[in-house]
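Q: Below you will find the structure I want to go over with you.
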Amino acid sequence: MLAELRTKSQITLPKEIVSALGLSEGDKLEVYERDGMICMIPVAVYPKNYVDDLQGEIRALKEKIKTGQTPTFESIDEMMKKLEENEC
């Protein structure tokens, strides 16, 4: 498939590629050059405070794991029952 470079360095991605990747207007693509090729990878962009909150939760969970504060379960059914008890 060919794509034409237009004014302001714009290109239109072929519809088949957009459909195959499930892309839609407003999606972000990481664009870089490697060995003379132009590469594009779809990415998800999240607000910084959201990422910071997730990192904090991960740190807290790692600390709980390190100190043995995480619950263990004998089965998935037991885990699901506990999760259902804690729902709002």
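Q: Take the range 13-30 and flag every residue that is of a type in the set (A, V, I, L, M) and either surrounded by fewer than 10 Cβ atoms within 10 Å (Cβ to Cβ) or within 30 Å of Thr70 (Cα to Cα) (or both).
A: Ala20
Q: So, one more: I'm told Gln10 meets every condition in (1) surrounded by fewer than 10 Cβ atoms within 10 Å (Cβ to Cβ); (2) within 22 Å of the chain's Cα centre (by Cα) except one. Can you identify the failing condition by its number?
A: The one condition Gln10 does not meet is (2).
Q: Tell me yes or no: at least one residue of the range 30-46 is touching a strand residue (DSSP E or B) at 6+ places or on another chain (Cβ under 9 Å) and of a type in the set (Phe, Trp, Tyr).
A: Yes, some residue in the range 30-46 is touching a strand residue (DSSP E or B) at 6+ places or on another chain (Cβ under 9 Å) and of a type in the set (Phe, Trp, Tyr).
Q: Then there is this: List the number of the failed condition for Ser19; all other conditions in (1) at pLDDT 95 or above; (2) touching a strand residue (DSSP E or B) at 6+ places or on another chain (Cβ under 8 Å) hold.
A: It fails just one condition, (2).
The values are calculated or read from the model by the stated rules, or taken from the named source; none is laboratory data. Please read all numbers here as calculations on a predicted model, not as lab measurements. Because the Cβ atoms are built from the backbone with ideal geometry, glycine has one as well, and the counts that use them run over all protein chains shown.
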